[in-house]
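Structure first, then comments.
The values are calculated or read from the model by the stated rules, or taken from the named source; none is laboratory data. This one's a predicted model, so the numbers in the text were calculated from it and none came from an experiment. Every residue, glycine as well, gets a Cβ built from its backbone with ideal geometry; the counts of neighbours run over all protein chains shown.
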Amino acid sequence: MADIVEGAVCGVDGCTDAPAPAAIAKESPAGPVLELSIVSDAICPWCYIGKRRLETALHALGNLANVRIVWRPFELNPDMPKEGIERSLYRMRKFGSLERSKQLDAQVSEAAAGEGLNFRYDLIARTPNTFAAHRLIWLATGPRQDALMDAIFSAYFCEGRDIGDRAVLAGLAPAGGIESARARAFLDGDEGKPEVGRDLMIAKRAGLSGVPAFVAQGRLLFSGAQSPEVMASVLRQIMSPAAAPAFAFDPG
């Protein structure tokens, strides 16, 4: 596997360089609210880094950034046991040695620090199953969903908490406007499972093999934690009338 570089995208086999975004259309004035779906996994480091870079891009766009963000699920480890796996064992199996794993962690941590994030891989004991986290993210709505995504990312990458643990998720739920008691009852039930499963299948059928992936108007705008400048440029372009959608997360 190649060394991780700027704009990386993570898939089931690891993280690699992301392709440059394709040209979309000429720029036009801001129009209706643009729904920007971000396909991600809660244990994807470049998804967290990409979130910070997107925030910088939206700030730079100012009033032009008439965007509503919706977080969509992706599982980097779809076969992960429900209880997760000891991280050192998981990383050794995936990358061949703990030494190689630590090298990759150091590279990602350096990129994260450039965005003001303090990754603490030394605190992470387990690589979790993230399906429950995706369900909780699905339950949150509007700006609170984005706040919950941030809280889950931070809990895992900066605090080393097990976000596959339902008690941990229930404790994070208020960041998304969800009472902890409601979150516990929700996670103990089946609500949201079909919807999260549907979104996972839509991403798979659309050919999305790595995250973060940024989708709007039925098209993949770009993948990977691109620079804020690249993100802002693409978002300016997408504000213009688009071609027919290629796929949608909320089919009519």
- Message: If I ask for residues that are part of a loop (DSSP other than H, G, I, E, B), modelled with pLDDT of 95 or more and farther than 20 Å from R161 by Cα, which ones from the stretch 98-144 would you list?
- Response: G114, E115, A140
- In this structure, is R219 at pLDDT below 95 and either among the small types (G, A, S) or under 26 Å from A57 (Cα atoms) (or both)? yes
- Query: Out of curiosity, is T141 exposed (fewer than 15 other Cβ atoms within 10 Å of the Cβ) and closer than 22 Å to G50 by Cα?
  - Reply: yes
- Some residue of the stretch 49-69 being in a loop (DSSP other than H, G, I, E, B) and at pLDDT 95 or above: no
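Test D190 against the stated conditions and say whether it is over 18 Å from I49 (Cα atoms) and either surrounded by fewer than 21 Cβ atoms within 10 Å (Cβ to Cβ) or in contact with a Lys or Arg (Cβ under 6 Å, 6 or more places away or on another chain) (or both).
Judged against the criteria, D190 is a match.
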- Message: Could you tell me how many of the residues in the stretch 8-48 are assigned to a loop (DSSP other than H, G, I, E, B) and either crowded, with 17+ Cβ neighbours inside 10 Å or modelled with pLDDT of 75 or more (or both)?
- Response: 9
- Note on the structure: Counted residues in the stretch 139-171 being of a type outside the set (V, I, T) and within 25 Å of V67 (Cα to Cα) come to 14
- Subset of the stretch 155-167 (residues that are touching a residue at least 40 places away in the same chain (Cβ under 8 Å) and outside any loop (DSSP other than H, G, I, E, B)): Y156, F157
- Any chance R93 is under 20 Å from E195 (Cβ atoms) and out of contact with any Ser or Thr (no Cβ under 9 Å at 6 or more places or on another chain): no
